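All remarks here apply to the structure that follows.
Coordinate-derived values only; no laboratory data. What you are looking at is a predicted structure, and each value in this text was computed from that prediction instead of being measured. A quick note on method: Cβ atoms are made from the backbone with ideal geometry, for glycine too, and the neighbour counts reach across all protein chains shown.
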Amino acid sequence: MNTLIAITTAFTLVAVFFVLSMFRHLRRRRVIRASGSFAGGVATASVGGFGMLLLTSIYSYAQLTGEQAIGSIEFTKNAPGDYTARLMVNGETDRLLPMLGDEWQIDARVVTWKPPVTILGLDPIYQLERLSGRYADIGREVSEQRTVHALANDNPLDVWHIARKFPILLPGVDAYYGTATYVPMADGARFEVSLSRDALIARPQNDAARKAVGEWQQNGT
């Protein structure tokens, strides 16, 4: 991260130097030299501006260092197939979200780095993207209402979106989904949510969650 900040700062300062040089040449009516300074300013400002956008996007994500717990989720049953989920993400305000169905799943955006970007010394980063529910029965899944909650802000300059849509612009960036398998919802069930570089993992934290998972596995879901 420090390397990226240093490179961005350096290119920004060089861009400022070119702009000042351009105005100096214009005052002395040195049009050709002013044009050269303008071209240099545009080139360095583009790199510096891109670095700033990348830094802004990265700071909206959290760092991922190996498998780590990122939060937990707890369910309260309102009626059959109708729950309220309390999502507790580390460092964020708890959220109460209505959930329909029998099972839940959480997805995250994960960004890892490849050469030549690895020289910047950046850690992988992540951002939770959505929480969704589904019905165990396929017929109900097709015919009944489902719930999907967005957990990330929609930012068109997001590094994950750019790397997915225009990979040629970010050849050193790998952007993909980290996804947990569906897990049952149950009244009072609480799960810890962890994230590795490959997937999200939901682990039961109390007896209600362990019982729900045990019955779910016995039914072959």
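Could you name the lysines in cross-link range of Lys211, using Cα to Cα under 20 Å and dropping any fewer than eight places away on the same chain?
Partners found: Lys77.
Calculate the length of the line joining the C-alpha centroid of region 133-156 to that of region 181-211, in whole Å.
Centre-to-centre distance over Cα atoms comes out at 18 Å.
Using amide H atoms built 1.01 Å from N in the peptide plane, name the residues 5+ places from Ile70, or on other chains, whose amide H lies under 5 Å from its own.
So Ile70 has HN proximity to Val193, Ser194, Leu195.
Tell me which aspartates and glutamates have Cα within less than 20 Å of Lys114's Cα, excluding those fewer than 8 residues away on the same chain?
Within the straight-line limit of under 20 Å, Lys114 reaches these aspartates and glutamates: Glu67, Asp123, Asp158, Asp174, Asp198.
Output ³J(HN,Hα) for region 102-111: one whole-Hz value per residue in order, computed from phi by the Karplus curve 6.51 cos²θ - 1.76 cosθ + 1.60 with θ = phi - 60°, and x for Gly and Pro.
After applying 6.51 cos²θ - 1.76 cosθ + 1.60, I find 10, 9, 9, 8, 10, 10, 9, 8, 10, 10 Hz.
What residues qualify as long-range amide H neighbours of Ala180, i.e. H under 5 Å apart, gap of 5 or more or another chain, H built at 1.01 Å from N?
Ile106, Leu200
Only counting other Cβ atoms within 10 Å, I'd like Tyr126, Tyr83 sorted with the fewest neighbours first.
Placing the least packed residue first, the sequence is Tyr126, Tyr83.
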